[in-house]
Amino acid sequence: MKKNDPYAALRYKEFNIFLLLRFAMVFAWSMQFIIIEWQVYSLTKNPLSLGIIGLMEVIPAISMALFAGHIVDQKEKKGLLFKCILGFSVISFGLFLLTWPPVVSDVSTQTILYSIYFLVFLGGLVRAFLGPTIFSLLALIVPKKEYANAATWSSSVWQISSVLGPAVAGFSITWIGVHWSMCFVLACSIFALIALSQIATKPILNPKIGEPIMDSLKEGVKFVFNNKTILGALSLDMIAVLFGGAVALLPVFAQDILKVGPEGFGVLRAAPAVGSFLILIVSAYIPFNKNAGMKLLSAIFAFGICIIVFGLSSVFWLSVAALFLSGIFDGISVVIRQTILQLKTPDHMRGRVSAVNSIFVGSSNELGAFESGLTAKLMGTVTAVVFGGSMTLLTVFITGVVSPTFRKLDLQKDIEEHQKG
């Protein structure tokens, strides 16, 4: 049997560049989201306003997702990605201006708030195209035999950057303030544009160029719903993230419950990042492909436990430990799910499948933020977090009982077939 090479995908120069630009974009996006959360909560002192931020991004992201997937499958990926990053840069510049005291000193708080919501809404439109484009580009950079390894590295980098961004945001708010933190976000997006210029233009693999949009969308949705493995992974993760989105309430915990200020907020945000970093190292050397179904179920169940412990904790370092472990288990979930998507999706449908994925999972972070903000308003912050963690546990239990096929999912055979091919 061929020995596992943990660095197989990293031996391709363009893939390393791809990881750099993906890290920069996810880092910038997640950092920006947290800076906005902090600023909005500081302006309103209303946890529901945190949920509205998520809602403003998720509405366009979901409504445009399928259309974006169709466009991605029809267009050249590098040029499309350039437009997405450029759009994000313009939005970041707008937020940079909105957090600059000399610019907004004579502007009412309500106007600033609505302007932020509007730019977040535009960001949701950009994100609808960004996710499917990046997912599709990955498959054009490495050969099929390295898809599993590439998916592991790519999803691990995504996981690390998605929690490192908020962690750095927490510290940078303390050190350089909200305004200059947004300037750093803008710099990251410009770096991503420069990195993208080092990747060659790729061919369009879709044999149905010019296909009517409705036929294209139906084909993509039908494929996902007919593939029980993909559907099961997306559904499970969507519910878990939707109800386990306690991190959206971290500004409330940092300011009002644990009373640790922006420094403590940074530590709380950094805790999942450290856990995710450990998963990056472990998953490269010890893949999670064998018995992937049970590992995915177990990881999400453990994630739910961590969220409950965090919600009940009134001790700062216990809260940090719970978030650290949640980062580990969430990282395992992400790595397995991304491996499933890369192995099970045909090249010509990657944009549309990724678009469906963004509806199921990618946008559930923002829906989770809205759910957390709303339930915190209705039942209190601590109760809302415990409720979310409990619903995650219930979801895993139901999935494990009603889907024995998913429990027995093993990706090792798929990987061996790709390596032979």
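Points worth noting:
- Take the conditions (1) touching a residue at least 60 places away in the same chain (Cβ under 8 Å); (2) open to solvent by 10 Å² or more (accessible area, probe 1.4 Å); (3) assigned to a helix (DSSP H, G or I); Lys295 misses just one of them, which is (1).
- Index of the failed condition, Val107 passing every other in (1) over 21 Å from the mean Cα position of the chain (by Cα); (2) farther than 20 Å from Ala167 by Cα; (3) assigned to a helix (DSSP H, G or I): (3)
- Yes/no for Leu343 being at pLDDT 85 or above, open to solvent by less than 50 Å² (accessible area, probe 1.4 Å) and assigned to a helix (DSSP H, G or I): no
- Residues considered: Gly177, Gly165, Gly170. Of these, the only one that is in contact with a Gly (Cβ under 6 Å, 6 or more places away or on another chain) and small (Gly, Ala, Ser) is Gly170.
- Filtering segment 90-124 to residues that are hydrophobic (A, V, I, L, M, F, W, C), closer than 19 Å to Leu48 by Cα and open to solvent by less than 50 Å² (accessible area, probe 1.4 Å) leaves Ile112, Leu113, Ile116, Leu119, Val120.
- Count - residues of segment 189-222 that are at pLDDT 80 or above, under 20 Å from Leu137 (Cα atoms) and not in a loop (DSSP other than H, G, I, E, B): 8
- Annotation: Ile173 fulfils all but one of (1) touching a Leu at 6+ places or on another chain (Cβ under 9 Å); (2) over 22 Å from Gly131 (Cβ atoms); the unmet one is (1).
- Cβ-Cβ distances below 8 Å connect the following pairs, each with a first residue in segment 388-414 that is assigned to a helix (DSSP H, G or I), a second residue that is of a type in the set (Asp, Glu), and a separation of six or more residues or different chains: Gly388/Glu371.
- Given (1) within 19 Å of Ser30 (Cβ to Cβ); (2) aliphatic (A, V, I, L, M); (3) open to solvent by less than 50 Å² (accessible area, probe 1.4 Å), index of the condition Leu164 fails: (3)
- Single unsatisfied condition, Glu76 versus (1) open to solvent by 20 Å² or more (accessible area, probe 1.4 Å); (2) within 19 Å of the chain's Cα centre (by Cα); (3) charged (D, E, K, R): (2)
- Qualifying residue in segment 266-276 (condition: under 19 Å from the mean Cα position of the chain (by Cα) and open to solvent by 40 Å² or more (accessible area, probe 1.4 Å)): yes
- Residues of segment 223-252 satisfying the condition of being in a helix (DSSP H, G or I) and touching a Lys or Arg at 6+ places or on another chain (Cβ under 9 Å): Phe223, Val224, Thr229, Ile230, Ala233, Leu234, Leu236, Asp237, Val247, Leu250
- Flag if Val396 is open to solvent by 50 Å² or more (accessible area, probe 1.4 Å) and at pLDDT 80 or above: no
- Looking across segment 2-41, just one residue is free of Cβ contacts under 8 Å to residues at least 40 places away in the same chain and either in a loop (DSSP other than H, G, I, E, B) or hydroxyl-bearing (Ser, Thr, Tyr) (or both), and that is Lys3.
- Pairs linking a residue in segment 122-142 that is more than 14 Å from Arg352 (Cα to Cα) and at pLDDT below 90 to a residue that is surrounded by fewer than 23 Cβ atoms within 10 Å (Cβ to Cβ) and β-branched (Val, Ile, Thr), with Cβ atoms under 7 Å and 6 or more positions apart or on different chains, are Gly124/Ile59.
- Unique residue being open to solvent by 10 Å² or more (accessible area, probe 1.4 Å), at pLDDT 80 or above and within 30 Å of Leu125 (Cβ to Cβ) when the list is Met391, Met379: Met391
The values are calculated or read from the model by the stated rules, or taken from the named source; none is laboratory data. Since we're looking at a predicted model, the values are computed, not measured. Quick reminder, even Gly has a Cβ in these numbers, built from the backbone with ideal geometry, and neighbours come from all protein chains shown. Quick note on the areas: whole protein, heavy atoms, side chains included, nothing else; ligands and nucleic acids left out. Shrake-Rupley method; radii C 1.70, N 1.55, O 1.52, S 1.80 Å.
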